[in-house]
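Have a look at this one.
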Amino acid sequence: MLKYLLNFLLVSLMLSSFSFAKDDDSKLQKEFGQDLSHAPFFLRYAFSKQYDEDWKQSTYSERKAFLKKYEIGVAAQLAKEKADAKAEAEKEKQRALEKKALERKLADRLKAQQAEEKAEKKEYKDRQRSFDDSVKGEQRELDQMVQSLQQEQSQAR
């Protein structure tokens, strides 16, 4: 019998402690005082604007509800700012990748243009060399013809 009574007592204490843990005001009380009356001015002002009631005239439960709502709003705002910052960082990363790809494309285009110009210069030099060689060859032939003509004229005399 005592065993059942102890079990019942233990179970009831455990269940009640869960409800106490769920409704824990210690954080709020540590930050805003035992009766939640030591809130900063901007919170007291926002409370009076929202509820049309002075902070000092309000009840503990009204203050508690307002402060919990405020903390939830702050947490949501922080989460939103974090998500926005992450999205902005991702956009910035994407822009950097696009810029890098564009720069790489321009560099490749410039390399291709330089290679084409180099090939054109080489082709021009080769054509010029070929032309110069043909001119030299014709000049040699002409010199030989002139020399043979002079020899024939000197022999004919």
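Rule-based calculations on the coordinates, nothing more; no lab input. Please read these numbers as outputs of a predicted model, since none were measured by experiment. Quick reminder, even Gly has a Cβ in these numbers, built from the backbone with ideal geometry, and neighbours come from all protein chains shown.
Using the Cα centre as the reference, give the magnitude of the dipole from point charges on the C-beta atoms of segment 1-154 (Lys, Arg: +1; Asp, Glu: -1; all else neutral), rounded to the nearest 20 debye.
900 debye
While we're looking at this one, here's another question. Quickly rank 42-52, 69-79, 146-156 as a protection proxy: mean count of other C-beta atoms within 10 Å, highest first.
42-52, 69-79, 146-156
Rounded to the nearest 20 debye, what is the charge dipole size of segment 89-133 about its Cα centre when +1 sits on each Lys and Arg Cβ and -1 on each Asp and Glu Cβ?
320 debye
Identify all lysines with a Cα-Cα distance to K30 below 20 Å; exclude those on the same chain that are fewer than 8 residues away in sequence.
Reachable lysines: K22, K56, K64, K68, K69.
Toward the positive end of the charge dipole of segment 2-143, about the Cα centre and with charges on Cβ (Lys, Arg +1; Asp, Glu -1), which of S26, Q128, L9 goes farthest?
It is L9, whose Cα lies furthest towards the positive end.
Also, I was wondering about something else. Pairing the Cα long axis of helix 41-51 with the longest principal axis of the chain, what angle in degrees results, from 0 to 90 and rounded to the nearest 10?
Approximately 70 degrees, to the nearest ten.
Say R0 is 30 Å: what FRET efficiency, to the nearest 0.05, do A75 and D35 get from their beta-carbon distance?
Values: r = 24 Å, r/R0 = 0.79.
Step by step, r from the Cβ atoms, then E = 0.80.
Taking the Cα atoms only, what angle lies between the long axis of helix 2-22 and the longest principal axis of the chain, rounded to 10 degrees?
Compared with the principal axis, the helix lies near 50 degrees.
Between 0 and 90 degrees, rounded to the nearest ten: what's the tilt of helix 60-156 against the longest Cα principal axis of the chain?
0 degrees
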